[in-house]
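Asker: Can you read through this structure? Questions will come right after.
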Amino acid sequence: MDSRLGSVAVEIIVNGEKRAAVAEPRMLLSDFLRHGLGLTGTHVGCEQGVCGACTVLIDGQPARSCLTFAVQVEGAQVETVEGMAKAGELSDIQQAYRSAHGLQCGFCTPGFLASTQALLQENPDPTDEQIREYLSGNVCRCTGYQGIVAAVRSAADARKASSHGS
Amino acid sequence: MKPAKFDYYRPYSVPEAIEVLSSHPDSKVLAGGQSLIPLMNMRLATPAALVDISRIEGLSGIDTNGGLRLGATTRQSDVLGNAVIQQRWPLITSAVVHVGHPATRARGTFGGSIAHADPAAELSAVMLVLDASFGVQGPAGSRSVSAEGFFLGHYTTELAEDELLVEIKIPDISGWYWGFGEIVRRHGDYALAGVAASLRADEAGLVTDARIALFAVAHRPVRSSAAEARLVGTRLGDPAAADEAGRVALDGVEVADDSFVSATYRREAAASVVKRVVREAATNSRSGTDGQ
Amino acid sequence: MQRVEDPRLLAGRGRFVDDVAFPGMLHAAFVRSPHAHARIVSVDASAALAVDGVLAVYTAKDVDWLAPLVSSGPMRDDVCVQSRTPLAASTARHVGDPVAVVVARSPYLAEDGRDLVDVEWDALPPVVDPLQALEPDSPLVDEELGTNNICHAEQSAGDVDAAFADADYVTSIRFHSGRSTAAPIEGRGVVAEYEDRGGGRYNIYSSTQMPHLLRMFIAPVLGVPAGRVTIKAPDVGGAFGLKCTVFPEDIVIPAVARLSGHPVKWIEDRWENLAAGVHSKDMVCTMEIAAKADGTMTAFRGRFVTDSGAYSSVPFSPLVDSQVAGVYLSSCYDVQNVAYSIDNPLTNKCQIGAVRGVGWVPGQLAREVAIDRLARTMGKDPVELRLQNMIGPEVYTTPFGQTYDGGSYAAALEQARDAVDYAEFRQRQLRAREDGRYLGVGFSPFVEPTGWASASAAAGGMPIPFFDTASVTVETDGSVTVTTGLHSDGQGHETTLAQVTADELGVAMDSVRIVYGDTDSSVFGMGTYASRSAVLGFGSIRESAGQVRDRLTRIAASLLEADPSDIDLVDGVARVKGVPDKSVPLQQIALFGYFGGTARPDDIQRDGLTATAGYDPGETYANGCAAAVVEVDVETGLVTIEQLAAVEDCGVVLNPTIVKGQVAGAIANGIGIALLEELAYEDNGEFISGNLINYLYPSTTEVPSLTLHSIETPSAVSAGGVKGVGEAGTIAAPAAIVNAITDALSPFGITIEKTPVTPEYLRQLLRAADHDRNKLVGA
């Protein structure tokens, strides 16, 4: 049995890199990423498990980092928004959000991007209804979701087109 | 909105978990954390210790050989994505879709939802109508508790402080018809009222067994014996029988009332859902979409 | 066009207030009242201070050197002036009212300390009902004021009494617009540092939408000149009006940074955001319409009582709801006899502040619901009745003296009607009823003052001089820097304002940088709210950039030996018209502008290539119409929005993508107001909506795919004909939805009298209707 009784070093693989910081057991993964590791791209909107702004991928699955203690995911693979753009190039999903005006203030965006990535992995060709259902756990106060649904649709379509082409 | 301090234990076996639960009076089991951690963030729960059971070998897993056996820490998303469950126990799949959102289902566990015993939880009601039994381990050994005897009230179950829910067993339901419905204001929210149903009919099409469970209605998931009694002997799919089941469904049920939803509303909404779910059940046999 | 701000936001490289950290920074948590109304007997911080890592606990006594925060309202003599101490000193007036602040090494420890501060309370009778608060025997929320009513005001035009006396039909409704709020995904937050030099200065990061006004209001409370306060608001995660209020925390955090000798950060949590930010739109309305037998509406009379909460908010006061509900009463209708009264009773709830759509939303609900009622009473079609009474498209002065700058009032309604296939819908509605399905359609045409500036504010009864400035500099290399006091919290100013500047100067957009959100580097401005930034930003930039353009043109003319009137600035070069090979690049013009010595005109020698200009336009008004098609499940009371169409006329559109985004977001908010969002208090003043499990945002599954149309009627008064957008959908959508639900349930004859229209409320109405019907059958 492992026990964590005070502040201890917690090691997590974040965006492919082993990262460690000292944390109490009660430290939320969201705070660990943001303040322990300086990865402030993950945003915190409610800490009540509702808004989805803090969504990251844990071992490839979407998760609310405000509903996860950092110690729970010791040794796991965590992907944050900082890992999406490669060499300064926005990923196809990020670019789709830009092209479809899928963001305004940008605060909820990292959570939407994580959920979108998980959705398209699970279901590469979702219907609009499936997109809406999958993303219903992420809330956006700016866009009215029109641009967001369009962005996911266009990212899926573009992937489909490029896989047909190859 | 940050949780209070606690000690964190991560056992790797069930006996270890029980040992630490027994020796720490103010401890709580942490599985996926999707119900517990919001309460801790809001400091509505301040356990002195958490026992993280998520890495106990063998405590998660899906076994569909004969009946269905789910390890307690099986993630809700894994249940949702399991094709055999969808085919043989479609009621479970239909219900899990309504449990939270992809991000909470990927962490949240099947057993966690049951042990948390939120009266609005979909899965608890489904367990009642599928006649599930729960494997429980404690310092005194193992025991099995039927779903019927498990849910005692608001967030209260038959589990003792130092007992652990380890598995959920659900019999094969070949030949049963099923239905599920709930009233929610937004997709994925806690229901204002909900119903799970399973029905069996004889060769003449007359209902021989009916199990109707209500959730988000009383202070715990409850069977509606009045609706069940009304349905037995009626023709499966008879809309008048469904209406009648809805009409009486709340008889004898003590309906909960809170600042947001009145008992009167819950009664009406639940009755309406019973009616619809029973009607729909006639078209849902075990294979879900009837060979489509 | 792709937005300039998106790459950093998409890559997680935005800088929001919680992303800011200073060395040695401490974290604050507020101790807040759990009571609606209670005297503070004592505060014992000893247990909190015993926690390792808790450094200090401050109460009102520790910050008694602060001046009070004073709400004087919108520069009107008839509005009570209310003062408050930033931390409640003797009395807490609503759940969430801050009474002490804990400063600790981490946010976790600060909350540990907060939970251990022992406040002894003496509960006082709470004032919860706004109408009872107006009764002479009501307990007072703020005894210093001697009244609960922040303002009573009345206004009338024409002869309203005569019109009602002569009416063939009178419709009268009561409508309670529910209490909702902005709840941006990023809450409020303040990080403050005090530098003990030069008499002391504060360096503050804040999630605000009005950096300069925030500075103007907090500097005197902190006791320093405004120049010793810097407000930085880099990226702001949504605001919707919530963040154009001056809050106690905006003062307390800088104050305790000074007291503790450390930078201090406070990041609001969601409970605080919902309990102790600002609330909005909680208004008890009565609306009466007088009409002639032919359908001519002859008079409107309204009474608007805003449940103002415990404090008159700074700077806009509760009049931001009540006043604007009243003064725009006639909207797009040719009704010449109008009267309203407003009251603003204080209650033991969270203060009312400016939130997207403000009092226009309740005002619109009251009027448009009443017009539908009138149509039903008269057996007239609600669209025809509205069209029959609508003003023309030309410039129009309302009975209360607002001068509309031209609009597509009737055309917008007709387009919305066509967008939902109105005639076909009525057939479909009848067929559906035969199957026991209840569909309904509702319309809500609106006029909204935008481009909020001195003239429009005065015409709206909020006579504060509003204006803005912009400073445009063509740098030595020909790139362009613009500073503005407007702020962007999602609106995309870095794109739209760069586009405006680039058009004016004939340069590429990516050579323009927009600087905002920092009182040290931006020119003074009033901030972004009230759908004002397109008009004010465009006007101030066009003026200042125009002055620079004139200088560039004259330099180019002398370099090219041409007449200035023959110079075109296009694509970063100056060309002589008709002589394509005679050109000079902007970079060369700029260099000459700075270093061309005495060969330059005198004014350029003096001013270089910087021009600062202000803009204070005349009144601009956007208009449009929302139409909703809904289905109501009569057994469960659930409402599904099948279609929501909106026609928007915000004058000349600067950026269609951004305008559409604003309209869509505003409509989503309107859907929330109509059906979901409710900040609820118990009868004893206890607050029960402090989380997003109870306070329901619309999500992807509640906002349908929207039908958005646009009409462009250029403003007759503003620069470029721009009118502004941002609140329109929030104003229009709720009334359209409520009217659609009522229409769907017309066989039952129900009357909706409040928002949000919850399943529970609809079932109540349907139960009562059933009961009435059974009684009739029985009789």
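The values are calculated or read from the model by the stated rules, or taken from the named source; none is laboratory data. Please read all numbers here as calculations on a predicted model, not as lab measurements. Counting neighbours? That spans all protein chains shown, and the Cβs are built from the backbone with ideal geometry, glycine included.
Asker: Where residues in the range C:31-46 are more than 14 Å from every other protein chain (Cβ to nearest Cβ) and not in a loop (DSSP other than H, G, I, E, B), which of them is farthest from C:Ile688 (Cα to Cα)? Don't jump to the end; show me each part of the working.
Answerer: Residues of the range C:31-46 more than 14 Å from every other protein chain (Cβ to nearest Cβ): C:33, C:35-46.
Narrowing further to those that are not in a loop (DSSP other than H, G, I, E, B): C:38-44, C:46.
Numbers: C:Ala38: 18, C:Arg39: 21, C:Ile40: 22, C:Val41: 25, C:Ser42: 26, C:Val43: 25, C:Asp44: 27, C:Ser46: 30 Å.
Result: C:Ser46.
Asker: More than 8 Å from chain A (Cβ to nearest Cβ), in contact with a Pro (Cβ under 6 Å, 6 or more places away or on another chain), in contact (Cβ under 8 Å) with a residue 12 or more places away in the chain and surrounded by fewer than 24 Cβ atoms within 10 Å (Cβ to Cβ): which single residue out of C:Glu678, C:Glu712, C:Glu686, C:Glu702 fits that description? Can you show your working first?
Answerer: Numbers: C:Glu712 fails: in contact with a Pro (Cβ under 6 Å, 6 or more places away or on another chain); C:Glu686 fails: in contact with a Pro (Cβ under 6 Å, 6 or more places away or on another chain); C:Glu702 fails: in contact with a Pro (Cβ under 6 Å, 6 or more places away or on another chain).
After ruling out the rest, the residue left standing is C:Glu678.
Asker: Which one of the conditions (1) out of contact with any Phe, Trp or Tyr (no Cβ under 9 Å at 6 or more places or on another chain); (2) facing chain C (nearest Cβ under 7 Å); (3) crowded, with 24+ Cβ neighbours inside 10 Å does A:Leu67 fail to meet, given that it meets all the rest?
Answerer: (2)
Asker: I'd like the full set of residues that are small (Gly, Ala, Ser) and within 23 Å of C:Asn273 (Cα to Cα), limited to the range A:1-52.
Answerer: Taking the range A:1-52 first, the residues small (Gly, Ala, Ser) are A:3, A:6-7, A:9, A:16, A:20-21, A:23, A:30, A:36, A:38, A:41, A:45, A:49, A:52.
Scanning the range A:1-52 gives A:Ser30, A:Gly41, A:Gly45, A:Gly49, A:Gly52.
Asker: With the structure loaded, tell me whether C:Ala733 is surrounded by 24 or more Cβ atoms within 10 Å (Cβ to Cβ), within 13 Å of chain A (Cβ to nearest Cβ) and either closer than 30 Å to C:Ala613 by Cα or modelled with pLDDT of 95 or more (or both) or whether it fails that test. Spell out how you get there, then give the answer.
Answerer: Numbers: surrounded by 24 or more Cβ atoms within 10 Å (Cβ to Cβ): yes; within 13 Å of chain A (Cβ to nearest Cβ): yes; either closer than 30 Å to C:Ala613 by Cα or modelled with pLDDT of 95 or more (or both): yes.
Judged against the criteria, C:Ala733 is a match.
Asker: Suppose we filter the range A:120-155 for residues that are over 20 Å from C:Gly492 (Cβ atoms) and surrounded by fewer than 23 Cβ atoms within 10 Å (Cβ to Cβ); how many remain?
Answerer: 15
Asker: Take the residues in the range C:629-664 that are within 15 Å of C:Ile731 (Cα to Cα) and more than 14 Å from chain A (Cβ to nearest Cβ); name whichever of them is farthest from the chain's Cα centre (by Cα).
Answerer: Of all residues in the range C:629-664, those within 15 Å of C:Ile731 (Cα to Cα) come to C:644-650, C:662-664.
Now drop any that are not more than 14 Å from chain A (Cβ to nearest Cβ), which leaves C:647, C:649-650.
Details: C:Val647: 20, C:Asp649: 19, C:Cys650: 16 Å.
Going through the qualifying residues, I end up with C:Val647.
Asker: Collect the residues in the range A:62-79 that are part of a helix (DSSP H, G or I) and among the hydrophobic types (A, V, I, L, M, F, W, C), keeping them in residue-number order. Working first, answer last.
Answerer: From the range A:62-79, those part of a helix (DSSP H, G or I) are A:65-67, A:70-73; that's our starting set.
Across the range A:62-79, the qualifying residues are A:Cys66, A:Leu67, A:Ala70, A:Val71, A:Val73.
Asker: Identify all residues within the range C:575-594 that are in contact (Cβ under 8 Å) with a residue 60 or more places away in the chain and in contact with a strand residue (DSSP E or B) (Cβ under 8 Å, 6 or more places away or on another chain); write none if there are none.
Answerer: C:Pro585, C:Leu586, C:Ile589, C:Ala590, C:Gly593
Asker: For the condition surrounded by 15 or more Cβ atoms within 10 Å (Cβ to Cβ), farther than 22 Å from C:Arg188 by Cα, within 13 Å of another protein chain (Cβ to nearest Cβ) and of a type in the set (Val, Ile, Thr), what is the one hit in C:Val51, C:Val17?
Answerer: Working: C:Val17 fails: farther than 22 Å from C:Arg188 by Cα.
Of the residues listed, the single one that is surrounded by 15 or more Cβ atoms within 10 Å (Cβ to Cβ), farther than 22 Å from C:Arg188 by Cα, within 13 Å of another protein chain (Cβ to nearest Cβ) and of a type in the set (Val, Ile, Thr) is C:Val51.
Asker: Further, regarding this structure: Considering only residues that are under 16 Å from the mean Cα position of the chain (by Cα), in a loop (DSSP other than H, G, I, E, B) and not aromatic (Phe, Trp, Tyr), which ones fall in the range A:95-140?
Answerer: Once the filter is applied, which keeps residues that are under 16 Å from the mean Cα position of the chain (by Cα), in a loop (DSSP other than H, G, I, E, B) and not aromatic (Phe, Trp, Tyr), the range A:95-140 yields A:Gly102, A:Leu103, A:Gly106, A:Cys108, A:Asn138, A:Val139, A:Cys140.
Asker: Please pick out the residue among A:Ala100, A:Ala76, A:Ala118 that is in contact (Cβ under 8 Å) with a residue 24 or more places away in the chain, within 14 Å of chain B (Cβ to nearest Cβ) and over 17 Å from A:Leu39 (Cα atoms). Walk me through it before giving the result.
Answerer: Values: A:Ala100 fails: within 14 Å of chain B (Cβ to nearest Cβ); A:Ala76 fails: over 17 Å from A:Leu39 (Cα atoms).
Result: A:Ala118 is the single residue among A:Ala100, A:Ala76, A:Ala118 that is in contact (Cβ under 8 Å) with a residue 24 or more places away in the chain, within 14 Å of chain B (Cβ to nearest Cβ) and over 17 Å from A:Leu39 (Cα atoms).
Asker: With a cut-off of at least 1 residues that are in contact with a strand residue (DSSP E or B) (Cβ under 7 Å, 6 or more places away or on another chain), away from every other protein chain (no Cβ under 14 Å) and not hydroxyl-bearing (Ser, Thr, Tyr), name the strands (runs of 3 or more DSSP E) lying wholly within the range B:11-95.
Answerer: It comes to B:68-71.
Asker: Given the options C:Val320, C:Val284, C:Val221, name the one that is surrounded by fewer than 24 Cβ atoms within 10 Å (Cβ to Cβ), assigned to a helix (DSSP H, G or I) and away from chain A (no Cβ under 14 Å). Steps first, answer last, please.
Answerer: Details: C:Val320 fails: surrounded by fewer than 24 Cβ atoms within 10 Å (Cβ to Cβ); C:Val284 fails: assigned to a helix (DSSP H, G or I).
Criteria check complete, one pass: C:Val221.
Asker: Going through the range C:431-444 one residue at a time, which ones are in contact with an Asp or Glu (Cβ under 9 Å, 6 or more places away or on another chain) and in a loop (DSSP other than H, G, I, E, B)?
Answerer: Filtering the range C:431-444 down to residues in contact with an Asp or Glu (Cβ under 9 Å, 6 or more places away or on another chain) leaves C:432, C:437-444.
Result: C:Arg437, single match.
Residue-by-condition table, conditions (1) more than 14 Å from every other protein chain (Cβ to nearest Cβ); (2) surrounded by 16 or more Cβ atoms within 10 Å (Cβ to Cβ); (3) of a type in the set (Gly, Ala, Ser); (4) farther than 30 Å from B:His24 by Cβ:
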{"position": "B:Lys169", "(1), (2), (3), (4)": "yes, yes, no, no"}
{"position": "B:Trp176", "(1), (2), (3), (4)": "yes, yes, no, yes"}
{"position": "B:Gly181", "(1), (2), (3), (4)": "no, yes, yes, yes"}
{"position": "B:Asp189", "(1), (2), (3), (4)": "no, yes, no, yes"}
{"position": "B:Ala201", "(1), (2), (3), (4)": "yes, yes, yes, yes"}
{"position": "B:Glu228", "(1), (2), (3), (4)": "yes, yes, no, yes"}
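Asker: Then there is this: Which numbered condition trips up C:Arg428, out of (1) part of a loop (DSSP other than H, G, I, E, B); (2) surrounded by fewer than 18 Cβ atoms within 10 Å (Cβ to Cβ); (3) touching a strand residue (DSSP E or B) at 6+ places or on another chain (Cβ under 7 Å)?
Answerer: Status for C:Arg428: all satisfied but (1).
Asker: Tell me the residue from C:Ser511, C:Ser522 that is within 30 Å of C:Ile731 (Cβ to Cβ), in contact (Cβ under 8 Å) with a residue 60 or more places away in the chain and polar (S, T, N, Q), please.
Answerer: Working: C:Ser511 fails: within 30 Å of C:Ile731 (Cβ to Cβ).
Selected residue: C:Ser522, the only one of C:Ser511, C:Ser522 that is within 30 Å of C:Ile731 (Cβ to Cβ), in contact (Cβ under 8 Å) with a residue 60 or more places away in the chain and polar (S, T, N, Q).
Asker: Moving to a separate point now. For the condition aliphatic (A, V, I, L, M) and in a strand (DSSP E or B), what is the one hit in C:Ala21, C:Ala28? Talk me through it step by step, then tell me what you get.
Answerer: On the way: C:Ala21 fails: in a strand (DSSP E or B).
Just one listed residue meets the conditions, C:Ala28.
Asker: Determine which member of the set C:Asp161, C:Asp115 is within 14 Å of another protein chain (Cβ to nearest Cβ) and surrounded by fewer than 19 Cβ atoms within 10 Å (Cβ to Cβ). If you could, list the steps in order and put the result at the bottom.
Answerer: Details: C:Asp161 fails: within 14 Å of another protein chain (Cβ to nearest Cβ).
The unique qualifying residue is C:Asp115.
Asker: Return the pair list, or none, for Cβ contacts closer than 8 Å from residues in the range C:194-221 that are closer than 22 Å to C:Gly237 by Cα to residues that are polar (S, T, N, Q) and modelled with pLDDT under 95, at least 6 apart or on different chains.
Answerer: Close Cβ pairs satisfying both conditions: C:Gln209/C:Thr528; C:Met210/C:Thr528; C:Pro211/C:Ser522; C:His212/C:Ser522.
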